[in-house]
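All remarks here apply to the structure that follows.
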Amino acid sequence: MPSALIFIADGTEEMEFTITYDTLVRGGVQVTSAFVPEPTSSVTTHVSPPAAKGSRGINILPDTYFEPQESGPDKYDAIIIPGGAKGADTISKTPAIQELVRTYLNEDKIVGMICAGSLTALTSKLPKQPLTSHPSVKDSLKDGFDYSEESVVVSNGLVTSRGPGTAFPFALTLVELLSGAAKREEIIGPMVFPPNAPLR
């Protein structure tokens, strides 16, 4: 069974997190969520993660704390970075996650980024390639990447998307890459995904 690790922090966009998590589970992916504390956090023991307060004030209880040594490509097939300005800022500025992004891509694994989460491509110093993001962070990314206005952009193992409204196409693309196109088609029907809606 393919597996994915999705990061969450205070300020993560709830729809991008939950839609991606839920859709991947439907697609036969074993998903784990990991709480990423702010860099200035004084937390030193990682026994039980706190609820992350999302960008719209919804509390979400992560599965575990982010532990770099437990998050490598030997453990998961994909890592996913949702948006939400504050949450994306925390995640994108975490050096251990930047290193993981490069390692996953170097080992032909999947890295998903949606909305402001795409800033992690910049902080991770990825080479110039096709990419998209929320319009609010376009100016930060357009010079270093081949910026696109498409809903979902796939560049080898890097999958990027635009925002809450593109979370379903983003998640379904990840299902296709991790579990195959047949599995994606299998779950679209029960989800009542609009038959004419574009997936990319």
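Values for this structure:
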{"quantity": "Net charge over other residues, Cβ less than 11 angstrom from the Cβ of C115 (K, R count +1; D, E count -1)", "calculated": "-1"}
{"quantity": "Summed side-chain charge close to E185 - residues other than E185 whose Cβ falls under 14 Å, Lys, Arg +1, Asp, Glu -1", "calculated": "+1"}
{"quantity": "Highest average packing first - 66-79, 12-25, Cβ atoms within 10 Å", "calculated": "12-25, 66-79"}
{"quantity": "Using a Förster distance of 22 Å, the FRET efficiency for V25-N59 (Cβ separation, nearest 0.05)", "calculated": "0.65"}
{"quantity": "Overall form of the chain per C-alpha gyration tensor (a/c, 1.5; a/b vs b/c)", "calculated": "rounded"}
{"quantity": "Relative contact order of the chain, defined on C-alpha pairs under 8 angstrom at six or more residues apart (%)", "calculated": "22"}
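Throughout, read-outs are computed from the coordinates displayed, never taken from laboratory work. Keep in mind it's a predicted model, so treat the numbers as computed, not measured. For neighbour counting, all protein chains shown are included, and Cβ atoms are generated from backbone atoms with ideal geometry for every residue, glycine included.
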